[in-house]
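Shown next, in structure tokens, is the structure this report addresses.
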Amino acid sequence: MKKMMLVFLIISAILGCQAQQKQEAPKQEWVSLFNGENLDGWTASENQGTFTVENGAIKVHGKRSHLFYTGQVNNANFKNFEFKADVMTTPGSNSGIYFHTEYQQDGWPNKGYESQVNNSHSDWKRSASLYDVVNIKEAPAQDNEWYTHEIIVNGKKIVVKINDNVIVDYTEPDSVNYEGWPERKLSSGTFALQGHDPNSIVYFKNIMVKPLP
């Protein structure tokens, strides 16, 4: 009888562990948004020629335009996530990474936030800035060098890292009204890369996302 009871307890413990494992959320993994060969899964707005693929990277060079992720990962709709890309700016260049945005044919995207990509442009708001929300004056990276630009959104919190260094740690207030940007707020949406002006040349590669619960 004691042996039967022991076997019963062991089986119950095993079944309990299996049930617990089934209830646990699957581990989140990094997923690529750019295949390094072409712009499949991305849609450019005005001036589509601003974006090309060169040596495994997206080259941004041309008139104002924005390249929106419209692929299949998460149906191109992200709320909480970790995003990262390797970026290289050239002297005097300006670009940006939009998040929680949506496709827009013309103009600067209205919806969502922009994380600035700019280490030496005449606009003093440097890389990692949440444009017109948290503005960084000192460039955290150098032109002509690859650096990693990471954006983390979880609930109301936005963290921006450059080369693993936290540059912006911002919590959005309950009431948001940034002057001139009525839709600059957290919601959900896709990502977009910015082509700022014809004199700017910026490169993006290894564009990855990790959706969070």
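Going through region 172-194 one residue at a time, which ones are among the hydroxyl-bearing types (Ser, Thr, Tyr) and open to solvent by 50 Å² or more (accessible area, probe 1.4 Å)? Give the steps one after another, and end with the answer.
Our first condition is that a residue be among the hydroxyl-bearing types (Ser, Thr, Tyr); within region 172-194, this holds for 175, 178, 187-188, 190.
Passing the criteria: only SER175.
For region 125-132, does any single residue satisfy the condition of being polar (S, T, N, Q) and either under 14 Å from ASP86 (Cα atoms) or free of Cβ contacts under 8 Å to residues at least 60 places away in the same chain (or both)? Let's see the steps before the verdict.
Initial filter on region 125-132 (polar (S, T, N, Q)): 127, 129.
From the residues that got through so far, the ones that are either under 14 Å from ASP86 (Cα atoms) or free of Cβ contacts under 8 Å to residues at least 60 places away in the same chain (or both) too are 127, 129.
There is at least one residue in region 125-132 that is polar (S, T, N, Q) and either under 14 Å from ASP86 (Cα atoms) or free of Cβ contacts under 8 Å to residues at least 60 places away in the same chain (or both).
Conditions (1) touching a Lys or Arg at 6+ places or on another chain (Cβ under 6 Å); (2) of a type outside the set (Phe, Trp, Tyr); (3) open to solvent by less than 20 Å² (accessible area, probe 1.4 Å); (4) modelled with pLDDT under 95, marked per residue:
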| position | (1), (2), (3), (4) |
| --- | --- |
| ILE14 | no, yes, no, yes |
| GLN23 | no, yes, no, yes |
| THR52 | yes, yes, no, no |
| GLY62 | no, yes, yes, no |
| SER65 | no, yes, yes, no |
| THR70 | no, yes, no, no |
| PHE83 | no, no, yes, no |
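If the requirement is being under 17 Å from the mean Cα position of the chain (by Cα), among the hydroxyl-bearing types (Ser, Thr, Tyr) and open to solvent by 10 Å² or more (accessible area, probe 1.4 Å), which of these qualifies: SER32, SER95, SER120, SER115? It would help to see each step written out before you state the result.
On the way: SER95 fails: open to solvent by 10 Å² or more (accessible area, probe 1.4 Å); SER120 fails: under 17 Å from the mean Cα position of the chain (by Cα); SER115 fails: open to solvent by 10 Å² or more (accessible area, probe 1.4 Å).
Only one candidate passes the filter, namely SER32.
Please work out which residue is nearest to ASN206 (Cα to Cα), limiting yourself to region 135-157 and to residues that are out of contact with any Ser or Thr (no Cβ under 9 Å at 6 or more places or on another chain) and open to solvent by less than 40 Å² (accessible area, probe 1.4 Å).
GLU150
Among the listed residues ASP197, ASP132, which satisfies the condition of being among the acidic types (Asp, Glu), assigned to a loop (DSSP other than H, G, I, E, B) and open to solvent by less than 30 Å² (accessible area, probe 1.4 Å)? I'd like the intermediate steps shown before the answer.
Working: ASP132 fails: open to solvent by less than 30 Å² (accessible area, probe 1.4 Å).
Just one listed residue meets the conditions, ASP197.
Which residue pairs have Cβ atoms closer than 7 Å, lie 6 or more positions apart in sequence or on different chains, and pair a first residue in region 152-174 that is farther than 11 Å from PRO140 by Cβ with a second residue that is of a type in the set (Lys, Arg)?
Hits for this filter: THR171/LYS156; THR171/LYS157; GLU172/LYS156; GLU172/LYS185.
The values are calculated or read from the model by the stated rules, or taken from the named source; none is laboratory data. Please read all numbers here as calculations on a predicted model, not as lab measurements. Glycine also receives a Cβ, built like all others from the backbone with ideal geometry; neighbour counts cover every protein chain displayed. Side chains included, ligands, DNA and RNA excluded: accessible areas come from the protein's heavy atoms. Shrake-Rupley method; radii C 1.70, N 1.55, O 1.52, S 1.80 Å.
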